[in-house]
Amino acid sequence: MSTYTIYLVEDEIDLSLLMKAYMEKEGWSVRVFSDGNSAVEAIDQPPHLWVLDIMLPDIDGYEILRRIKEKSDTPVIFASARDEDLDRVKGLELGSDDYLSKPFLPKELVIRAKKLLQRIYEGTNGKFQTRWINHYRIQPIERKVYYEDREIDLTSKEFEVVLYLTEHVNELKTRTEILEGVWGNDYVGSERAVDDVIRRIRKKMPRLNLETLYGGGYRVEHP
(Lines give C-alpha, C1' and ligand atoms only; values in the text may rest on other atoms or scores of the structure.)
Protein backbone atom coordinates (compact mmCIF):
# COMPACT_ATOMS: atom_id res chain seq x y z
CA MET A 1 0.00 0.00 0.00
CA SER A 2 1.52 3.33 -1.08
CA THR A 3 1.23 6.43 1.08
CA TYR A 4 0.05 9.37 -1.00
CA THR A 5 -1.01 12.87 -0.01
CA ILE A 6 -4.37 13.97 -1.43
CA TYR A 7 -5.74 17.52 -1.39
CA LEU A 8 -9.56 17.48 -1.46
CA VAL A 9 -11.28 20.77 -2.31
CA GLU A 10 -14.98 20.45 -1.46
CA ASP A 11 -17.31 22.90 0.31
CA GLU A 12 -20.02 20.35 1.18
CA ILE A 13 -18.83 19.30 4.63
CA ASP A 14 -20.69 15.99 4.90
CA LEU A 15 -19.54 14.93 1.43
CA SER A 16 -15.94 15.93 2.07
CA LEU A 17 -15.84 13.95 5.33
CA LEU A 18 -17.25 10.89 3.56
CA MET A 19 -14.77 11.15 0.68
CA LYS A 20 -11.91 11.72 3.13
CA ALA A 21 -12.86 8.61 5.13
CA TYR A 22 -12.92 6.41 2.02
CA MET A 23 -9.54 7.66 0.81
CA GLU A 24 -7.95 7.30 4.23
CA LYS A 25 -8.98 3.64 4.22
CA GLU A 26 -6.50 3.27 1.34
CA GLY A 27 -3.74 4.53 3.63
CA TRP A 28 -3.62 7.95 1.98
CA SER A 29 -3.12 11.22 3.83
CA VAL A 30 -6.02 13.56 2.99
CA ARG A 31 -6.15 17.31 3.57
CA VAL A 32 -9.54 18.97 3.08
CA PHE A 33 -10.12 22.54 1.86
CA SER A 34 -13.64 23.95 2.10
CA ASP A 35 -12.98 27.03 -0.02
CA GLY A 36 -10.86 28.06 -2.97
CA ASN A 37 -8.66 30.63 -1.24
CA SER A 38 -7.28 28.17 1.30
CA ALA A 39 -6.60 25.67 -1.50
CA VAL A 40 -4.71 28.29 -3.52
CA GLU A 41 -2.49 29.01 -0.50
CA ALA A 42 -1.40 25.35 -0.51
CA ILE A 43 -0.43 25.16 -4.20
CA ASP A 44 3.26 25.76 -3.44
CA GLN A 45 3.31 22.60 -1.27
CA PRO A 46 1.77 20.24 -3.82
CA PRO A 47 0.30 16.83 -2.97
CA HIS A 48 0.39 13.73 -5.14
CA LEU A 49 -3.19 14.37 -6.28
CA TRP A 50 -5.84 17.09 -6.18
CA VAL A 51 -9.56 16.24 -6.07
CA LEU A 52 -11.20 19.49 -7.05
CA ASP A 53 -14.83 20.59 -7.07
CA ILE A 54 -15.84 23.27 -9.56
CA MET A 55 -18.54 25.00 -7.49
CA LEU A 56 -16.90 26.75 -4.52
CA PRO A 57 -18.00 29.77 -2.45
CA ASP A 58 -15.19 32.06 -3.60
CA ILE A 59 -12.76 31.03 -6.38
CA ASP A 60 -14.18 28.55 -8.85
CA GLY A 61 -12.46 25.27 -9.62
CA TYR A 62 -11.41 26.41 -13.09
CA GLU A 63 -9.26 29.18 -11.66
CA ILE A 64 -7.73 26.86 -9.05
CA LEU A 65 -6.96 24.28 -11.73
CA ARG A 66 -5.31 26.96 -13.86
CA ARG A 67 -3.11 28.04 -10.95
CA ILE A 68 -2.19 24.45 -10.06
CA LYS A 69 -1.03 23.71 -13.60
CA GLU A 70 0.97 26.94 -13.73
CA LYS A 71 3.06 25.64 -10.83
CA SER A 72 3.35 21.89 -11.44
CA ASP A 73 2.13 18.82 -13.27
CA THR A 74 0.37 17.45 -10.20
CA PRO A 75 -2.59 15.33 -11.37
CA VAL A 76 -6.11 16.66 -10.81
CA ILE A 77 -9.49 14.93 -10.70
CA PHE A 78 -12.28 17.41 -11.46
CA ALA A 79 -15.78 17.00 -10.00
CA SER A 80 -18.92 18.87 -11.02
CA ALA A 81 -22.70 18.78 -10.64
CA ARG A 82 -23.17 21.23 -13.52
CA ASP A 83 -23.28 20.72 -17.29
CA GLU A 84 -21.25 17.53 -17.60
CA ASP A 85 -20.09 17.85 -21.20
CA LEU A 86 -19.15 21.52 -20.91
CA ASP A 87 -17.27 21.08 -17.63
CA ARG A 88 -15.49 17.96 -18.82
CA VAL A 89 -14.22 19.69 -21.97
CA LYS A 90 -13.18 22.87 -20.18
CA GLY A 91 -11.46 20.88 -17.41
CA LEU A 92 -9.50 18.85 -19.94
CA GLU A 93 -8.50 22.00 -21.79
CA LEU A 94 -7.11 23.42 -18.56
CA GLY A 95 -5.17 20.23 -17.79
CA SER A 96 -7.35 18.02 -15.58
CA ASP A 97 -6.48 14.33 -15.66
CA ASP A 98 -9.91 12.83 -14.92
CA TYR A 99 -13.50 13.92 -14.38
CA LEU A 100 -16.34 12.82 -12.10
CA SER A 101 -19.95 13.94 -12.50
CA LYS A 102 -21.89 14.50 -9.27
CA PRO A 103 -23.48 12.63 -7.67
CA PHE A 104 -20.93 9.80 -7.61
CA LEU A 105 -20.13 7.00 -5.19
CA PRO A 106 -17.07 7.59 -2.97
CA LYS A 107 -15.84 4.16 -4.03
CA GLU A 108 -15.77 5.34 -7.65
CA LEU A 109 -13.58 8.25 -6.63
CA VAL A 110 -11.19 5.87 -4.85
CA ILE A 111 -10.98 3.61 -7.92
CA ARG A 112 -10.33 6.53 -10.26
CA ALA A 113 -7.77 8.05 -7.88
CA LYS A 114 -5.96 4.75 -7.39
CA LYS A 115 -5.65 4.12 -11.13
CA LEU A 116 -4.36 7.64 -11.72
CA LEU A 117 -1.82 7.46 -8.90
CA GLN A 118 -0.57 4.07 -10.04
CA ARG A 119 -0.22 5.22 -13.64
CA ILE A 120 1.73 8.33 -12.72
CA TYR A 121 3.81 7.22 -9.75
CA GLU A 122 4.04 3.44 -10.00
CA GLY A 123 4.12 2.78 -13.74
CA THR A 124 7.10 1.70 -15.82
CA ASN A 125 8.64 5.16 -15.57
CA GLY A 126 7.30 5.94 -12.12
CA LYS A 127 10.73 6.34 -10.61
CA PHE A 128 11.41 9.17 -13.06
CA GLN A 129 8.34 11.15 -12.04
CA THR A 130 8.69 14.37 -10.07
CA ARG A 131 8.14 13.69 -6.37
CA TRP A 132 7.42 15.93 -3.40
CA ILE A 133 8.97 14.91 -0.09
CA ASN A 134 8.73 17.11 3.01
CA HIS A 135 8.30 20.31 0.96
CA TYR A 136 11.12 19.45 -1.46
CA ARG A 137 10.43 18.94 -5.17
CA ILE A 138 12.72 16.30 -6.63
CA GLN A 139 12.96 16.10 -10.41
CA PRO A 140 14.83 12.91 -11.37
CA ILE A 141 15.04 13.53 -15.11
CA GLU A 142 16.40 17.08 -14.71
CA ARG A 143 18.50 15.96 -11.70
CA LYS A 144 17.35 18.97 -9.69
CA VAL A 145 15.90 19.53 -6.22
CA TYR A 146 13.88 22.57 -5.18
CA TYR A 147 12.63 23.89 -1.88
CA GLU A 148 9.55 25.88 -2.88
CA ASP A 149 10.97 27.81 -5.89
CA ARG A 150 14.61 27.78 -4.79
CA GLU A 151 16.96 25.25 -6.34
CA ILE A 152 19.15 23.34 -3.89
CA ASP A 153 22.78 23.16 -5.02
CA LEU A 154 23.68 19.47 -4.77
CA THR A 155 26.67 17.58 -6.09
CA SER A 156 26.03 14.61 -8.36
CA LYS A 157 26.59 12.10 -5.56
CA GLU A 158 24.44 14.05 -3.10
CA PHE A 159 21.60 14.08 -5.61
CA GLU A 160 21.93 10.35 -6.26
CA VAL A 161 21.75 9.57 -2.54
CA VAL A 162 18.69 11.82 -2.14
CA LEU A 163 17.08 10.11 -5.14
CA TYR A 164 17.86 6.64 -3.81
CA LEU A 165 16.52 7.30 -0.30
CA THR A 166 13.36 9.02 -1.57
CA GLU A 167 12.69 6.14 -3.95
CA HIS A 168 12.58 4.04 -0.77
CA VAL A 169 10.88 6.57 1.50
CA ASN A 170 10.21 5.34 5.06
CA GLU A 171 12.46 2.32 4.45
CA LEU A 172 15.66 1.73 6.38
CA LYS A 173 18.66 1.48 4.08
CA THR A 174 21.98 0.26 5.42
CA ARG A 175 25.26 1.88 4.41
CA THR A 176 26.05 -1.21 2.34
CA GLU A 177 22.73 -0.96 0.47
CA ILE A 178 23.29 2.73 -0.20
CA LEU A 179 26.81 2.06 -1.45
CA GLU A 180 25.56 -0.65 -3.80
CA GLY A 181 22.59 1.41 -4.96
CA VAL A 182 24.54 4.63 -5.58
CA TRP A 183 28.26 3.86 -5.88
CA GLY A 184 27.80 0.40 -7.45
CA ASN A 185 28.82 -3.14 -6.54
CA ASP A 186 32.45 -2.62 -7.54
CA TYR A 187 33.06 0.23 -5.07
CA VAL A 188 36.07 -0.54 -2.88
CA GLY A 189 36.17 2.50 -0.58
CA SER A 190 34.98 2.98 2.99
CA GLU A 191 31.38 3.13 4.16
CA ARG A 192 32.31 6.51 5.63
CA ALA A 193 31.69 7.92 2.15
CA VAL A 194 27.96 7.45 2.81
CA ASP A 195 28.17 9.29 6.14
CA ASP A 196 30.01 12.21 4.55
CA VAL A 197 27.40 12.61 1.82
CA ILE A 198 24.53 12.29 4.31
CA ARG A 199 26.09 15.00 6.48
CA ARG A 200 26.27 17.39 3.52
CA ILE A 201 22.68 16.60 2.47
CA ARG A 202 21.41 17.35 5.97
CA LYS A 203 23.14 20.72 5.91
CA LYS A 204 21.64 21.64 2.52
CA MET A 205 18.20 20.04 3.06
CA PRO A 206 17.43 20.41 6.79
CA ARG A 207 13.69 19.65 6.38
CA LEU A 208 14.17 16.34 4.56
CA ASN A 209 13.65 14.30 7.79
CA LEU A 210 16.71 12.19 7.05
CA GLU A 211 17.09 9.93 10.08
CA THR A 212 20.01 7.89 11.36
CA LEU A 213 19.24 4.52 12.92
CA TYR A 214 22.09 3.62 15.21
CA GLY A 215 23.89 0.55 13.94
CA GLY A 216 21.47 0.29 11.04
CA GLY A 217 21.61 2.99 8.43
CA TYR A 218 19.47 5.83 7.14
CA ARG A 219 15.95 6.56 6.02
CA VAL A 220 13.87 9.50 4.83
CA GLU A 221 10.63 9.76 6.77
CA HIS A 222 7.56 11.17 5.05
CA PRO A 223 4.03 11.14 6.50
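The values are calculated or read from the model by the stated rules, or taken from the named source; none is laboratory data. On a predicted model such as this, the values are computed, not experimentally measured, just so you know. Virtual Cβ from ideal backbone geometry, glycine too; neighbours counted across all protein chains shown. When the accessible area is computed, the model is the full protein with side chains, heavy atoms only, and any ligands, DNA or RNA have been set aside. Shrake-Rupley method; radii C 1.70, N 1.55, O 1.52, S 1.80 Å.
Some values worked out for this structure:
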quantity: Any chance PHE33 is closer than 21 Å to GLU12 by Cβ, at pLDDT below 90 and among the hydrophobic types (A, V, I, L, M, F, W, C); calculated: no
quantity: Residues satisfying the stated conditions in the range 3-43, i.e. farther than 23 Å from SER101 by Cα, of a type outside the set (A, V, I, L, M) and touching a helix residue (DSSP H, G or I) at 6+ places or on another chain (Cβ under 7 Å); calculated: TYR4
quantity: Candidate set: the range 95-110, residues that are surrounded by fewer than 17 Cβ atoms within 10 Å (Cβ to Cβ) and over 18 Å from VAL30 (Cβ atoms); chosen: the one modelled with the lowest pLDDT; calculated: GLY95
quantity: Count of residues meeting criterion [open to solvent by 90 Å² or more (accessible area, probe 1.4 Å) and at pLDDT 80 or above] in the range 111-134; calculated: 1
quantity: Among (1) open to solvent by 20 Å² or more (accessible area, probe 1.4 Å); (2) at pLDDT below 90, the one test that PRO140 misses; calculated: (1)
